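Only one structure is covered here, and it is reproduced in the block below.
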Amino acid sequence: MIITKKRLSRRTILRGLAGSLALPLLDCMVPSLGLADTAAAPVRRFGVFYVPNGMSMPYWFPKAVGPLNELPTTLQSLNGLKERVLLMGGLADEPANQVKNSGDHARSAGTFLTGVPFKSAGADVQGSISVDQVAAKPFGKETQLASLELGIEPSVLVGNCDGAANCVLSNTIAWSGPTSPLQIENDPRALFERLFGAAGSTNRAARMTRIGLDRSILDLINDEMTDMNKVAGAQDKLKLGEYLDSVRDIERRIQMAEAQNSRELPVIDQPVGVPDDYAQHAKLMMDLLALAFQTDMTRLSTFMLAKEVSAHAYPEIGVSDSHHPLSHHQNEPAKLERLHKINEYHFQQFAYLVKKLAAMKEGDGTMLDHTLFMYGTGISDSNTHFHDDLPIALIAGEKTGIKGGRYIRHPKGTPLSNLHVTILESLGVPVERFGDSNGKVSGLTEA
């Protein structure tokens with residue numbers, strides 16, 4: 001990054017664009033050397049990626065603790081960034097075992113980020129604030145959106161989905177308060193418009209009217225962008241051009257998907273799994289999340305790669321079984337291998353985002369440098385529904401202070417909430433206790 005004596009404030013630039021488009025951090029927005037208004041502390045980001053129905057455990061953990069010469073099979077898609085991956089064993093979600101009148105899957109999602117047993121009686125649900133939302137309170141003062149709650153499968157907000165538990169408990173991991181589970185967004189168009197505000201409404205009629213105009217959001221501000229390019233330096237022009245190309249590409253892909261979805265089709269039974277659709281959908285959502293981070297619209301996110309008790313099938317990777325029934329594998333090697341393929345496929349979608357951030361320049365480093373991700377699930381062995389020795393991985397940027405490239409184990413039964421406390425401290429949001437924590441986890445910063 002080149003720090004000059006001239007500075008255009010982010011607010012001034014946005015006002016010039018009528019506040020219609022979020023922008024990435026440009027060199028001309030950074031305070032110059034020697035000014036009283038010096039550069040702010042580096043941005044910190046945190047994202048949680050959750051997978052349902054447990055894990056095919058033989059493919060997850062390495063055979064021995066210590067340095068990772070290569071990642072386990074499930075995580076192979078990040079082998080090129082293995083120095084950023086910290087695998088942890090021994091963590092447990094004991095609050096899930098304390099929940100009454102609920103299936104194990106609702107217990108898993110409903111306590112994963114809260115560390116508190118929930119209560120569910122019909123439409124009444126009571127839980128606790130999740131760790132992401134604790135961080136969202138101070139982080140949200142610096143961004144337009146305090147957090148994003150994303151996913152691939154649609155949420156079900158009524159009825160019972162796992163035992164006697166309300167469906168919302170299987171469909172989200174984020175809670176803003178004891179009675180406020182946060183609904184995930186899985187519609188790329190709705191997310192796009194939330195970030196860029198093209199339609200002013202997520203109402204389908206309003207959205208289709210805007211689409212009917214056949215005008216890109218970038219076309220609407222073309223003149224303003226031309227003026228901005230006159231004052232931007234060479235590096236800023238390059239960065240801005242790459243960013244706008246990304247926005248336009250995502251908008252084009254959404255429009256293509258909507259055009260395909262608007263075609264009249266014969267009435268047939270909906271297949272359990274549709275080839276290619278999952279990966280295309282996931283990639284769009286990952287690209288939009290990357291833009292939300294790049295423009296500093298938010299610094300916090302949760303992402304459910306599927307919801308608990310998901311029956312989705314993945315014939316595109318050779319797994320025609322429904323996910324949830326397959327997770328009851330009875331330790332049959334063939335079923336464990338097929339379940340592993342699903343676990344690996346989910347992780348590949350996440351790895352796409354990590355690699356994207358690692359390639360995106362920010363300041364004197366990359367977007368990944370100041371980003372921390374937590375990846376995992378609240379069930380270990382999916383056949384037994386155990387909530388201990390959970391498959392948890394941290395993917396930590398170089399500037400987060402967390403040392404990757406290792407597999408470490410904590411004492412058996414160490415509360416998962418201890419990790420939450422430690423993460424909050426690393427984000428600059430220290431708390432004495434969270435959920436069922438009884439301390440912090442050690443070894444995250446050791447080489």
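Bear in mind these aren't lab numbers, they're just calculated from the coordinates by the rules spelled out. Since the model is a prediction, treat every value here as computed from it, not as a measurement. Cβ coordinates were reconstructed from backbone atoms using ideal geometry, including for glycine residues, and neighbour counts include every protein chain displayed.
Values for this structure:
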{"item": "Highest-first arrangement of 426-432, 363-369, where packing means the average Cβ count within 10 Å", "result": "363-369, 426-432"}
{"item": "Spin-label pair Ala279/Lys63, simplified geometry with 7 Å Cα→Cβ offset, distance in nm", "result": "3.0"}
{"item": "Across Lys230/Lys283; Lys361/Lys403; Lys100/Lys283, pairs whose alpha-carbon gap is larger than 32 Å", "result": "Lys230/Lys283; Lys100/Lys283"}
{"item": "Under Karplus coefficients 6.51, -1.76 and 1.60, residue-wise ³J(HN,Hα) of the stretch 424-431 in Hz, glycine/proline x", "result": "4, 4, 5, 8, x, 10, x, 9"}
{"item": "Overall form of the stretch 332-447 per C-alpha gyration tensor (a/c, 1.5; a/b vs b/c)", "result": "oblate"}
{"item": "Net +/- balance of residues flanking Asn331 in space, Cβ distance below 15 Å, scoring K and R +1, D and E -1", "result": "-1"}
{"item": "For the stretch 336-407 versus the stretch 275-317, the gap between their alpha-carbon centres in whole angstrom", "result": "14"}
{"item": "Peptides 75-82, 47-54 ordered by average Cβ neighbours within 10 Å, highest first", "result": "47-54, 75-82"}
{"item": "Peptides 350-358, 174-182 ordered by average Cβ neighbours within 10 Å, highest first", "result": "350-358, 174-182"}
